[in-house]
Amino acid sequence: MRITRQRIRLGGVVQGVGFRPFVHRLAVKHGLAGFVANSTAGVVTEVEGDRAAVDAFRVALVRDAPSLARVGETGVDEVAPRGDTRFEIRASMPAQGEYTLVSPDAATCPDCLRDLSEAGNRRRGYAFTNCTNCGPRYTIIRDVPYDRPGTTMAGFRMCAACQAEYDDPANRRFHAQPNACPQCGPSLSGDVAEARRRLAAGEVVAIKGLGGFQLACDARNADAVRRLRGGKRRSDKPFAVMVRDVAAARRLAAVSDKEAAVLEGWRRPIAILRSHEAWPEVAPANGTLGVMLPSTPLHYLLFENTPYDVLVMTSGNRSDEPLAIDNAEAARRLNGVADWQLTHNRDICMRADDSVVRCFQGSERLLRRARGYAPETLDLRRTVPEMLAVGGELKNAFCLTKGRHAILSQHIGDLENYETLVFFEETLAHLKRLFRVEPRLVAHDLHPGYLSTRYALAMEGVPKLGVQHHHAHVASCMAENGLDGEVIGVAFDGTGYGTDGAIWGGEFLVAGYREFTRRAHLRYVPLAGGDRAVRQPWRSAVAYGLEVPGVADERQHVVRQMIQKGLNTVPTSSCGRLFDAVAAIVGLRSEATYEGQAAIELEALADDSVDGRYEFTLSGEELDFGPTMESIARSREGRPAIAARFHNTLAAAIVETCRQVGRESGLRRVCLSGGTFQNVKLLAGTIPALRSAGFAVYLHAQVPPNDGGIALGQAAIAARRSELAAEPQTHR
Ligand code: ZN
Ligand code: ZN
Ligand code: FE
């Protein structure tokens, strides 16, 4: 037998996820001596024993890692054997300037769920039950290394029974930093039974969750839902619902195997499902329903022996504000929205909204990336300088870079008010501290009016780099898919500032990270009224030169005059506005109360059995849907058929334009990005047709296609441009 000793360093998400006890068990199983310890860079272990056993140990270390762990970089060094005879778990080993990856919050695991519901268990009914496989992480961590004093659990001293679990390497609560029980841990301010009673009686209850307050009411009580809408000042935007398990979800909506796995997975996002019935109050004019399962013990307790089976569960805020996390703040801000509050005394360090995913082609695709996903990093596949990309305005998320990691923040929200900007700044300061990032470059959108742009430009002593909005969308899709070189980028969305000062949003680019050229776009139409045009889809129909049914002639006349005189009018190639124009012209929607409403309702309406389409023209760089709009205005078909034909037309136009750009450029890879591609009906029509035309098609999955993803693109672009700047000059 040949004795060898190796020091193995592991980066990635390896702290607070039961990694050290796992290493301990593994070493014992392989008959190895040595130690394991947390370091600020992750975990370090030294094992000593038979060479073959050490090799087998190393393989199993990555292959059999605990469910919440994500092993990143590993380093192995041969060191001199020391003659150790046992394997031990050691205290943390701090090192200067290093960092470790923090795990996202994880939903209650099956073992903890059993503790919660088992008669006689000391955690029966305890709302803060957790272990190394589940519970709060990112939302309670103040600093790394991840130890109890660095979390919002610092003030709770473990009782003897909890301490014994915490100290026992064989226990699943070994070094579970938020470990707690009714004797020693956080407690609720009110009674769960009372919350259940009030919900059953149709009241709106505010509940302190993992990443912030949530507002709940009985989803089948139309009056309660209406009052919640009134209080939140949210008139039509769909609410998500919570049900106790997948079986209950199947009673509401079609649930594929993939969707069931997403619903039950530890990340526990809201999944957008095709609903069996209409929910006029919860999700008006919508064929889908956002459904999630309980993610905390408290959620499970809310569903114990209750008359209701579906709860609306929405963020605890008034529309446009970040969600409340502080008890006093919630009492003040949710006063008048909630009838009653169920809070507790564990502080939330970081806000995190519920994440939203939609499954398409067997993959989960994020529409909002927050709880359960942030601050998991994305691999940039190369080492880049430390940078900050501030993102856009709507659905803002920013991105920091460190080594090969892109650290995409959780969903911040629409950066349109002071409160959201403060949330942006707090989260930025927090992630810079956790990951030890000091940006040497800041990338921003070209729109001079975005708060994110202004924030970037006001930073002192850091070079700035402006990135065109749709270039960022395409680069984000490239970066997520690990693409290099050039691609055809189709970036369709509502609004993005163009290099010519126009509002872009229906763009065909030939793009690499460093540069792009605009090869085709939707024909410009004159959009009058600035921000109001987004809230009034009928203005888009006027921009296409049409008479809009159901809108007073005088109002239309005023807008035509504005367009003629060029007053408060900008040219736009926006695809979002094209959807608006269609919705207005068929009399579906002349006013919108939330972003993307017209497109969402048209998608919901479309009759999948209709496969015809309308005419469009492509001449040179200009893709014109004028003929489409005229056909729709003349059509006598019902809205479901028109909506279907319109989607088919758009898909055909995308393919036709890609063919043209492909012929000119020789490129065969197409990246689809931008908020319009959240539309599954459009994706389903476009992708197979692109493939049969010989293109390889790339979509988003872990990064939202909407503006929540552009920070990643800005960072990827900034990384390559900074390399360019750093290359030695050649003299001739
Ligand atoms: Zn657990
Ligand atoms: Zn205890
Ligand atoms: Fe966009």
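Scanning segment 516-531 finds one or more residues that are surrounded by fewer than 20 Cβ atoms within 10 Å (Cβ to Cβ) and at pLDDT below 95. Residues that are within 13 Å of ligand 1 (Cβ to nearest atom) and either farther than 13 Å from Thr132 by Cβ or surrounded by fewer than 21 Cβ atoms within 10 Å (Cβ to Cβ) (or both) within segment 165-178 comprise Glu165, Asn171, Arg172, Phe174, listed in sequence order.
Within segment 1-43, being among the hydrophobic types (A, V, I, L, M, F, W, C), within 33 Å of the chain's Cα centre (by Cα) and surrounded by fewer than 20 Cβ atoms within 10 Å (Cβ to Cβ) holds for one residue alone: Ala37. When Arg433 is evaluated against the numbered criteria (1) surrounded by fewer than 22 Cβ atoms within 10 Å (Cβ to Cβ); (2) assigned to a helix (DSSP H, G or I); (3) at pLDDT 95 or above, which criterion, by number, is the only one it fails? Condition not satisfied by Arg433: (3). Pairing each residue of segment 179-198 that is under 24 Å from Cys134 (Cα atoms) and within 12 Å of ligand 2 (Cβ to nearest atom) with any residue that is part of a helix (DSSP H, G or I) and not β-branched (Val, Ile, Thr), provided the two are 6+ apart or on different chains, yields C-beta distances under 6 Å for Asn179/Cys162; Asn179/Tyr166; Cys181/Cys162; Cys184/Cys162. Could you tell me which residue of segment 108-149 is farthest from ligand 1 (Cβ to nearest atom), considering only residues that are surrounded by 24 or more Cβ atoms within 10 Å (Cβ to Cβ) and small (Gly, Ala, Ser)? Step by step, filter segment 108-149, then rank; the result is Ala127. Tell me yes or no: at least one residue of segment 469-477 is within 16 Å of Leu400 (Cα to Cα), surrounded by fewer than 17 Cβ atoms within 10 Å (Cβ to Cβ) and out of contact with any Leu (no Cβ under 6 Å at 6 or more places or on another chain). So far as segment 469-477 goes, no, none of its residues is within 16 Å of Leu400 (Cα to Cα), surrounded by fewer than 17 Cβ atoms within 10 Å (Cβ to Cβ) and out of contact with any Leu (no Cβ under 6 Å at 6 or more places or on another chain). Picking from residues in segment 150-164 that are surrounded by fewer than 20 Cβ atoms within 10 Å (Cβ to Cβ) and outside any loop (DSSP other than H, G, I, E, B), the one that is nearest to ligand 3 (Cβ to nearest atom) is Gly150.
Could you check segment 431-474 and list, in sequence order, the residues that are of a type in the set (Val, Ile, Thr), under 30 Å from Val510 (Cβ atoms) and either more than 16 Å from ligand 3 (Cβ to nearest atom) or more than 22 Å from the chain's Cα centre (by Cα) (or both)?
Step one: of segment 431-474, the residues of a type in the set (Val, Ile, Thr) are 437, 442, 453, 462, 467, 474.
Now narrow it down to the ones that are under 30 Å from Val510 (Cβ atoms): 442, 453, 467, 474.
Residue satisfying the conditions is Val442 alone.
For residues in segment 163-181 being out of contact with any Cys (no Cβ under 7 Å at 6 or more places or on another chain) and within 19 Å of Arg114 (Cβ to Cβ), which is modelled with the lowest pLDDT? Selected residue: Ala170. Touching an Asp or Glu at 6+ places or on another chain (Cβ under 7 Å) and either hydroxyl-bearing (Ser, Thr, Tyr) or not in a loop (DSSP other than H, G, I, E, B) (or both) - does that describe any residue in segment 277-291? Looking through segment 277-291, none of the residues is touching an Asp or Glu at 6+ places or on another chain (Cβ under 7 Å) and either hydroxyl-bearing (Ser, Thr, Tyr) or not in a loop (DSSP other than H, G, I, E, B) (or both).
Being surrounded by fewer than 18 Cβ atoms within 10 Å (Cβ to Cβ) and part of a loop (DSSP other than H, G, I, E, B), is that true of even one residue in segment 204-214? Checking segment 204-214: not a single residue is surrounded by fewer than 18 Cβ atoms within 10 Å (Cβ to Cβ) and part of a loop (DSSP other than H, G, I, E, B). When segment 97-145 is limited to residues that are in a helix (DSSP H, G or I) and touching a Ser or Thr at 6+ places or on another chain (Cβ under 9 Å), the one that is farthest from ligand 2 (Cβ to nearest atom) turns out to be Leu113. Going residue by residue through segment 44-67, is there one that turns out to be of a type outside the set (Ser, Thr, Tyr), assigned to a loop (DSSP other than H, G, I, E, B), within 16 Å of ligand 1 (Cβ to nearest atom) and closer than 30 Å to Val437 by Cα? Yes - at least one qualifying residue is present in segment 44-67.
Does segment 11-32 contain at least one residue that is in a strand (DSSP E or B) and over 22 Å from Cys131 (Cα atoms)? No; the residues of segment 11-32 include none that is in a strand (DSSP E or B) and over 22 Å from Cys131 (Cα atoms). For segment 478-511, a residue qualifies if it is surrounded by fewer than 24 Cβ atoms within 10 Å (Cβ to Cβ), away from ligand 3 (no atom under 14 Å from the Cβ) and more than 14 Å from Tyr698 (Cβ to Cβ), and the qualifying residues are Thr499, Asp500, Gly501, Ala502, Val510.
The values are calculated or read from the model by the stated rules, or taken from the named source; none is laboratory data. As the structure is a prediction and not an experimental result, all values here were calculated from the model. No Cβ is skipped: glycine too gets one built from the backbone with ideal geometry, and neighbour counts run over all protein chains shown.
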